[in-house]
Each structure stands twice: as C-alpha cells, then as structure tokens.
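Student: Below are the structure tokens for one structure; questions will follow.
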Amino acid sequence: MRYLHTMLRVGDLDSALDFFVNKLGLEELRRHEVPQGRFTLIFLAPPGQPDAQVELTYNWDPEEYGGGRNFGHLAYEVDDIYALCQSLMDKGVVINRPPRDGRMAFVRSPDNISIELLQKGQALPPAEPWASMDNTGEW
C-alpha cells in the first residue's frame, strides 16, 4: 500500500489556491477539469515532495461545507517555524496557535481546514513574539 493524497473540498478555488500556493508554498502538480461532472481537481505538494499530495476538489455548483475541523488537520514539517509563521502573518494569515514552544503552530485555510506546522528536528528555542502570543480562534 502507498499513500497517494488527501482530498479537501474547497468553496472558493481562487482563495484556496492563494492560501496553499502563494502563502503556504505548495506547488501545483496537475489539474483535471471534468466538465461533465462539473468539478475541478488540483493536486498540490511541497516543493520536491511529489509523494505528499493534497487534492483540492472544487465543485462548480455552489455547496456549503461546514465544520472543516471534523476533517482533522493536515500537517507539514518546516525548516524554520518562526520564519514561516512570520511570512504567513505578513501575508494576512492568522496564526491560530502560535509556535510558543518553538515546535508547533496551527493556521487555517480559507475553507477552515486546520493546518499543523511542525518544526523539523528539535524545537527552536522559545522566542518573541511567539512565546507570549495568545491563541486566536479555533485550531
């Protein structure tokens, strides 16, 4: 058995792509438009990691997706959690659970999917502003 991908339904394809590609840094690997089924599939992955794919499913007919939290979360290992969290904040992303411990943070996609960010290797030493930053919303 081999892991292939995780599928997320998204309500606004442009905002989802902006988040996952422009802000989080994933790359689009392929796109599949299915006019007869009225949906689009877009496969994304971190640079150089084509085996860690996320499939964004966009249904052309509007649907309401509630409670992204019942999915759980996606998790990504990152080289520098502080640098990535700062970059995300600079791009307007709310850090719901700041990396106070130098190890773990949570953000949410435009469709309310929790994204866990984990520091690669050992936790970084606690640093400001993260060490004293409160949680925001749910994560």
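Student: How large, in percent, is the carbon and sulfur part of the accessible surface of region 1-73 at a probe radius of 1.4 Å?
Tutor: Taking all protein chains in place, region 1-73 shows 50 percent carbon and sulfur surface.
Student: So, R0 is 41 Å and r is the distance between the beta-carbons of residue 83 and residue 61; what FRET efficiency does that work out to, to 0.05?
Tutor: 0.55
Student: Give me, ordered by chain and number, the residues 5 or more places off residue 39 or on other chains with an amide H under 5 Å from its own placed amide H.
Tutor: 34, 60
Student: Can you pull out the trypsin sites (Lys or Arg not before Pro) in region 1-94 whose DSSP state is coil and whose Cβ has at most 13 other Cβ atoms within 10 Å?
Tutor: Within region 1-94, the qualifying trypsin sites (Lys or Arg not before Pro) (loop, at most 13 other Cβ atoms within 10 Å) are 2, 38, 91.
Student: As an exercise, use a Förster radius of 22 Å and the Cβ-Cβ distance of residue 49 and residue 112 to find the FRET efficiency, rounded to the nearest 0.05.
Tutor: E between residue 49 and residue 112, to the nearest 0.05, is 0.35.
Student: Further question: GluC sites (Glu not before Pro), restricted to region 61-139: which are DSSP loop and have at most 15 other Cβ atoms within 10 Å?
Tutor: 63, 64, 138
Student: Same structure, new question: If you count only protein heavy atoms with a 1.4 Å probe, what accessible area per residue comes out for the chain, rounded to a whole Å²?
Tutor: On a per-residue basis, the chain sits at 56 Å².
Student: What is the distance in Å between the Cα centroid of region 89-139 and that of region 14-67?
Tutor: Measuring centre to centre over Cα atoms gives 23 Å.
Student: Which angle from 0 to 90°, rounded to the nearest 10, does the C-alpha axis of helix 81-90 make with the longest principal axis of the chain?
Tutor: Here the helix axis deviates by roughly 60 degrees.
Student: Tell me, what is the FRET efficiency for residue 96 and residue 33 to the nearest 0.05, using R0 = 35 angstrom and their Cβ-Cβ distance as r?
Tutor: 0.60
Student: So, one more: Taking H as built 1.01 Å from N, whose amide H comes closer than 5 Å to the amide H of residue 29, not counting residues under 5 places away?
Tutor: Amide H neighbours of residue 29, under 5 Å, 5+ apart: 43, 44, 45.
Student: Tell me the mean residue ellipticity at 222 nm calculated for the chain from its helices only (DSSP H runs of n ≥ 4, each -39500 (n - 2.57), averaged over every residue, nearest 500).
Tutor: Taking each H run of at least 4 residues, the total per residue is -3000 deg cm²/dmol.
The values are calculated or read from the model by the stated rules, or taken from the named source; none is laboratory data. This structure is a prediction, so every number in the text was calculated from the model and none was measured. In this analysis, Cβ positions are derived from the backbone assuming ideal geometry, glycine residues included, and neighbour counts consider all displayed protein chains. The accessibility values were calculated without ligands, DNA or RNA, using every heavy atom of the protein model including side chains. Shrake-Rupley method; radii C 1.70, N 1.55, O 1.52, S 1.80 Å.
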